[in-house]
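**Q** Sending over a structure as structure tokens; questions will come in a sec.
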Amino acid sequence: MRVAMIGTGYVGLVSGACFADFGHVVTCIDKDASKIARLEAGEMPIYEPGLDDLVETNVRDGRLFFTVDGAEAIRNADAVFIAVGTPTRRGGGHADLSYVHAAAEEIAGLIEGFTVIVTKSTVPVGTGDEVEAIIRKANPDADFAVVSNPEFLREGAAIGDFKRPDRVVIGIDDVDGATGTRAKAVMSELYRPLNLNESPLLFTARRTSELIKYAANAFLAMKITFINEMADLCEAVGADVQQVARGIGLDNRIGSKFLHAGPGYGGSCFPKDTLALVQMAREAGAPVRLVETTVEVNDARKRSMVERVRKAVGGDLKGKTIGVLGLTFKPNTDDMRDSPALDLVPALTAAGATVQAFDPEGMHEAGKLLSELTFCEGPYEALAGAHAAVIVTEWDQFRALDLDRIKLTMAKPVMVDLRNVYRPDEMRARGFRYSSIGRS
Ligand code: UDX
């Protein structure tokens, strides 16, 4: 199959490279000429494990192309994916659809032969209808179907998620009609390699598919927020949140994943998609109050992390040096979007502390968003002279730090572990004043 992928952001690039690896011929299109030039030179604009190799192999084998001018690729495509950004619009939680609409306009004039237009970007319910209307209006004779195919890729594990998904959701209206049948055949062929893994393709109506994406992310955000509140309760009543998580997670109806208590969720999806869902639901007259509360509780949680550090250093941050380990919203990514560090670091400096930080991949991005901190070469440098170590992101390399070495170089052996990487009894035995999440 011939695929045109509009947008080489996270989703577009990973999906494009994976479709090429499935054996399809994929052209990734982006307006950003410097990005395309870098991609052609084999330089990845994001850090994602395995992506550089996947791109290199498929470019070499002649299945993956990058271009600023997508006209020819779109004309020849069996499927055109819209994988452009849908940022939160200023002044409210609405998703900004201007890039999606612009992509639809562009595609409209180029359709030749039956073409499936697929929205991969996370878009509010009804966007497929809008895309269809835009194309129909601009090109009334075009032979096309608009399909929703949301992504469920986790950063840092995106290639595995693409190739071994729990499910692939595909929204096609009137799937048994003439156009729907052809669209279903194209989508089935695109994902055919997954049949080997018995990964289920779930065909639904288009609006349902659009909502599934929001519902999945909101549910996961709610699950994390639930365990975070349980963690606070554990601290208040003397219980252990990791055991609570295990105790409830072993119930198959609940499931053990996404029950790690921490400093609050961040990233490119949960914060944006929960907000967009809240707005969409309000406008539809069916407010989702659990999700509204989730957003509020999570925002407050991220802001409150500074208090844990303040308490750990004895109540006053003024003049203290804080060593921050990890800045990205989770490990194995360089993504800083809505990271808890974006609340914590400015709050620490505003309270008069000096921040020394290290992150294995995120310091370049962090440098654009955070000022008034010193970036260090490694974890030991970040903790030298510090009155407290704060683990914000659970990178593997922070899991086995040389604690004796740290203790010697820190001003005080104090650790605030916001990811429960270490064990309280061990840390105490090593002579640390240690606090963590939900474990008294
Ligand atoms: C998420 C979804 O998992 C993915 O399906 C969707 O399409 C995009 O959004 P991602 O944002 O890459 O993926 O990361 P994820 O691993 O889901 O983590 C999101 C946030 O939740 C991180 O800040 C993480 O630290 C936090 N989290 C996750 C927890 O605090 N506890 C958990 O148990 C799990």
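The values are calculated or read from the model by the stated rules, or taken from the named source; none is laboratory data. Just so you know, these numbers come straight off a predicted model, no measurement behind them. Here Cβ is always computed from backbone atoms with ideal geometry, including for glycine, and neighbour counts include all displayed protein chains. These area figures cover heavy atoms from the full protein model, side chains too; ligands, DNA and RNA do not enter into them. Shrake-Rupley method; radii C 1.70, N 1.55, O 1.52, S 1.80 Å.
**Q** In whole percent, and with a 1.4 Å probe on the protein chains, what portion of the accessible area of region 238-435 is carbon and sulfur?
**A** Carbon and sulfur together cover 49 percent of it.
**Q** Where the centroid of each part is defined by its Cα atoms, how far is region 159-238 from region 98-142 in Å?
**A** Taking the Cα centre of each part, region 159-238 and region 98-142 sit 22 Å apart.
**Q** Report the one residue of A261, N298, Q279 whose Cα lies farthest in the direction of the positive end of the charge dipole of region 253-305 (charges on C-beta: Lys and Arg +1, Asp and Glu -1; origin at the Cα centre).
**A** Value: A261.
**Q** A further question on this structure: By how many nm would the segment from E372 to A102 lengthen if fully extended, with 0.36 nm per residue of separation less the alpha-carbon distance?
**A** Extra length available between E372 and A102 comes to 93.3 nm.
**Q** Pop the C-beta distance of K311 and E229 into the FRET formula with R0 = 22 Å and round what comes out to the nearest 0.05.
**A** 0.70
**Q** Place +1 on the Cβ of every Lys and Arg and -1 on the Cβ of every Asp and Glu in region 238-435, take the dipole about the Cα centre, and give the residue among A429, A351, P340 whose Cα lies farthest towards its positive end.
**A** A429
**Q** Based on the Cβ-Cβ distance from H364 to D404, what FRET efficiency comes out when R0 is 35 Å, to the nearest 0.05?
**A** 0.65
**Q** Moving on to the next point. Give, rounded to the nearest 20 debye, the magnitude of the charge dipole that region 238-435 has about its Cα centre when Lys and Arg contribute +1 at Cβ and Asp and Glu contribute -1 at Cβ.
**A** 620
**Q** Give the angle, between 0 and 90 degrees and rounded to the nearest 10, that separates the Cα long axis of helix 206-237 from the longest principal axis of the Cα atoms of the chain.
**A** 10
**Q** Heavy-atom accessible area per residue, region 238-435, 1.4 Å probe: how many Å²?
**A** Per residue, region 238-435 has 47 Å² of solvent-accessible surface.
**Q** What spacing in nm lies between the two simple spin-label points modelled at R246 and A429, each 7 Å away from Cα in the Cβ direction?
**A** It works out to 1.7 nm between the two label points.
**Q** Ok, one more. Sum up the lysine pairs in region 238-435 that clear both bars: alpha-carbon distance under 23 Å and a spacing of 8 or more or different chains.
**A** Within region 238-435, the lysine pair count is 19.
**Q** Right, next: Quote the charge dipole size of the chain about the Cα centre in Debye, to the nearest 20; the model charges only the Cβ of Lys and Arg (+1) and of Asp and Glu (-1).
**A** The dipole of the chain has a size of about 1460 debye.
**Q** What's the FRET efficiency of S34 with R2 using the Cβ-Cβ distance as r and R₀ = 30 Å, to the nearest 0.05?
**A** 0.70
**Q** About the Cα centre, and with charges only on the beta carbon of Lys, Arg (+1) and Asp, Glu (-1), how big is the dipole of region 198-291? Nearest 20 debye, please.
**A** The dipole magnitude comes to about 380 debye.
**Q** Just the number, please: carbon plus sulfur as a percent of the accessible area of region 2-204, 1.4 Å probe, no ligands or DNA/RNA counted.
**A** That share works out to 48 percent.
**Q** Is it possible to state the helix-based mean residue ellipticity at 222 nm for the chain, with each DSSP H run of 4+ residues giving -39500 (n - 2.57), the sum divided by total residues, to the nearest 500 deg cm²/dmol? What is it?
**A** It comes out at -13500 deg cm²/dmol, rounded to the nearest 500.
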